[in-house]
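The values are calculated or read from the model by the stated rules, or taken from the named source; none is laboratory data. Keep in mind that this is a model prediction, so the values were computed, not measured. Ideal geometry is used to build each Cβ from the backbone, glycine not excepted, and the neighbour counts take in all protein chains shown. For the accessible areas, the whole protein counts, side chains as well, though only heavy atoms, and no ligand, DNA or RNA atoms are used. Shrake-Rupley method; radii C 1.70, N 1.55, O 1.52, S 1.80 Å.
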Amino acid sequence: PYSFTPTARDADGNKLRFGLRNKPAWMTVDTATGRLGGTPTAANVGTYTSLKLIVFDGTYYRSLPAFNVTVTKAGGTSGAPRISGTP
């Protein structure tokens, strides 16, 4: 399973909304917390490039730098996939 939750706050206390550009089909994003999650399968093996987590306070957008996520098949020809990457 993949999971990442950013830390974000607004100086004015405005409600924040999150989004993810170039989101892989197997990944979800919680628009209220920014939490990314998902469990890729062997069919999802590959590198997903230029993902960008964005936060919006109703007026301004900010984002983390673009990042890649690589899903590789675990150990040989069977088993659960592995995932790596740094958002």
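Looking at the range 11-29, which of its residues are out of contact with any Ser or Thr (no Cβ under 8 Å at 6 or more places or on another chain), at pLDDT 95 or above and not hydrophobic (A, V, I, L, M, F, W, C)? If you could, list the steps in order and put the result at the bottom.
Quick first cut of the range 11-29, residues out of contact with any Ser or Thr (no Cβ under 8 Å at 6 or more places or on another chain) only: 11-13, 15-16, 20, 23-25, 27-29.
The next check asks that each one be at pLDDT 95 or above; those that pass are 15-16, 20, 23-25, 27-29.
Correct list: Lys15, Lys23, Pro24, Thr28.
When the residues of the range 63-77 are narrowed to those that are in a loop (DSSP other than H, G, I, E, B) and either open to solvent by 70 Å² or more (accessible area, probe 1.4 Å) or out of contact with any strand residue (DSSP E or B) (no Cβ under 8 Å at 6 or more places or on another chain) (or both), which ends up nearest to Pro87 (Cα to Cα)? Here the answer is Pro65. Here Gly37 passes the criteria (1) open to solvent by 50 Å² or more (accessible area, probe 1.4 Å); (2) modelled with pLDDT of 95 or more except the one numbered (1).
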